[in-house]
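*Asks:* Can you read through this structure? Questions will come right after.
Rule-based calculations on the coordinates, nothing more; no lab input. Remember, predicted model here, so these are calculated numbers, not experimental data. Note that each Cβ is placed from the backbone with ideal geometry, even for glycine, and that neighbours are counted across all protein chains shown.
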């Protein structure tokens, strides 16, 4: 029987009463636990790694701000010190959700309904952290830094380079965030759709990406 794929670009849970049939709840719960466990480990590595990058950049720029031989280098270092301090502060304040979610899952005593809600909430936060809105903060900081150098210090080429480099680093930071919950939510599970006397058996999955939310049904 040919397999067809129906993409619903918006959440359609009101018309899709699709409980998982073949997969045991214990296996489903274990899959969510594995995803959050991997996410928690990746989040810790991501947190420490990027904190180290920005802490090192902060220390180097702070030293260069007073010790560099060239006045332009000292000015750039002062701008870099401010950018690194903002980035480091953001990391310390806005932590990844996976470690806390993993602990909550382990405290749920195997409640698969609670696990589903938790994994969907973490997947939604992962999506938000990769969306275009998540780039607005770094865009504002790097644009201000570029203007300070390009316009304030009358070096447009250096200002443009500072902006581009800052945005590249910010994009790399964003793209290396954990995405384990989205992967767990997006996997297909056996499902059944009943409309009156018509019954269709197939597979269903949430569709969670940085650009959209929805449901995918294949049968």
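*Asks:* Could you give me the radius of gyration and the Dmax of the range 25-185, taking only the C-alpha atoms into account and expressing both in angstrom?
*Replies:* When restricted to the Cα atoms of the range 25-185, Rg and Dmax are 19.7, 65 Å.
*Asks:* Between residue 70 and residue 134, what FRET efficiency follows from the Cβ-Cβ distance if R0 is 22 Å, with the result rounded to 0.05?
*Replies:* It comes to 0.05.
*Asks:* Which residues in the range 110-145 place their backbone N less than 14 Å from a point set 7 Å from the Cα of residue 165 along the Cα-to-Cβ direction?
*Replies:* 142, 145
*Asks:* For the range 25-185, what is the relative contact order in percent, using Cα pairs closer than 8 Å and at least 6 residues apart in sequence?
*Replies:* 32 percent
*Asks:* Order these peptides, 154-160, 76-82, by their mean beta-carbon neighbour count within 10 angstrom, highest first.
*Replies:* In descending order of packing, they fall as 76-82, 154-160.
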